[in-house]
């Protein structure tokens, strides 16, 4: 979509759109609505509806507001991190380090709070530390041309060790009451609205990032980079500089998720985030993003997170062994990857 906006002197004349007859406006809008990318997102939404209806028919409390809230709160960290991961994957990258940044930031903010550092300053310092790790990831991929998978895997393994060393294998607790109250705060109005603040934070982030990806030129560069880095450079995009922004944003969101969880539980542990990176990537890919880059939406990612939350909750309600959860999620990831590659070939053929 961005390629139509970024032109070089050689193709400037070709990029001028031809007049569209009024009679064709509606068919083209319908064609966009039923594009390959949108069909995949609508398919995920349909599966969510089918599972929900089936579960509700057999377990009447499945769609109870309390159970829905439990589902969303349990997957809130993955949901927040998935927002940043979506942009990373759109650019053709990957970031495994989020599973290490997530508990690391929770531990850092916890240590600062125990040391009597004011809450706002502790939060800012922890987020800066998370962003710094994102900068390191981008530095390794840009300067040493290390593949993002290897660079972020190394960061993940390093952080897991660092987290254990900092906590000495235990947990960090003893946070101020105001910090814990924020983690459990709710927006209540008129006895009708009763929503956790953390969910509102996620919704606000999703709206802002989703709108920016669709309408803001700077964010749309992610699609151009993921589609063809060489063409992006020739069009004047500072690809390496942009990747610093992408990795730092993703790391900051992972840090924010860690801080919110630390506030919610009143403790921080090095055990947070086990296999989180896989759940996040699975949600993004199920939501329609391509691991090859150039494709992805925040709406699709949100639906991917909802799908995972419903599947995990369905397993818990039906009493099926939790060992099968990863089997099903892994199978869904494989299916999503195969579908993504199939659709990519369809787009290329067209």
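The values are calculated or read from the model by the stated rules, or taken from the named source; none is laboratory data. Just so you know, these numbers come straight off a predicted model, no measurement behind them. A quick note on method: Cβ atoms are made from the backbone with ideal geometry, for glycine too, and the neighbour counts reach across all protein chains shown.
Overview of results
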| item | result |
| --- | --- |
| Looking only at the range 171-190, and only at residues there that are assigned to a loop (DSSP other than H, G, I, E, B) and without any contact (Cβ under 8 Å) to a residue 60 or more places away in the chain, the one that is surrounded by the most Cβ atoms within 10 Å (Cβ to Cβ) | 185 |
| Residue check, residue 249 part of a helix (DSSP H, G or I) and either more than 25 Å from residue 87 (Cβ to Cβ) or at pLDDT below 95 (or both) | no |
| Some residue of the range 271-286 being farther than 30 Å from residue 186 by Cα, at pLDDT 95 or above and assigned to a helix (DSSP H, G or I) | no |
| Check on residue 178, farther than 24 Å from residue 84 by Cβ, in contact with a helix residue (DSSP H, G or I) (Cβ under 7 Å, 6 or more places away or on another chain) and at pLDDT 95 or above | yes |
| Hits in the range 322-336 (condition: part of a helix (DSSP H, G or I) and either free of Cβ contacts under 8 Å to residues at least 12 places away in the same chain or surrounded by fewer than 16 Cβ atoms within 10 Å (Cβ to Cβ) (or both)) | 323, 324, 326, 327, 328, 330, 331, 334, 335 |
| Any hit, the range 233-248, residues being more than 30 Å from residue 157 (Cα to Cα), over 11 Å from the mean Cα position of the chain (by Cα) and either surrounded by 24 or more Cβ atoms within 10 Å (Cβ to Cβ) or free of Cβ contacts under 8 Å to residues at least 40 places away in the same chain (or both) | yes |
| Out of 227, 161, 183, sole residue that is modelled with pLDDT under 95 and over 25 Å from residue 294 (Cα atoms) | 183 |
| Complete set of residues in the range 109-146 that are within 20 Å of the chain's Cα centre (by Cα) and surrounded by fewer than 16 Cβ atoms within 10 Å (Cβ to Cβ) | 128, 132, 135 |
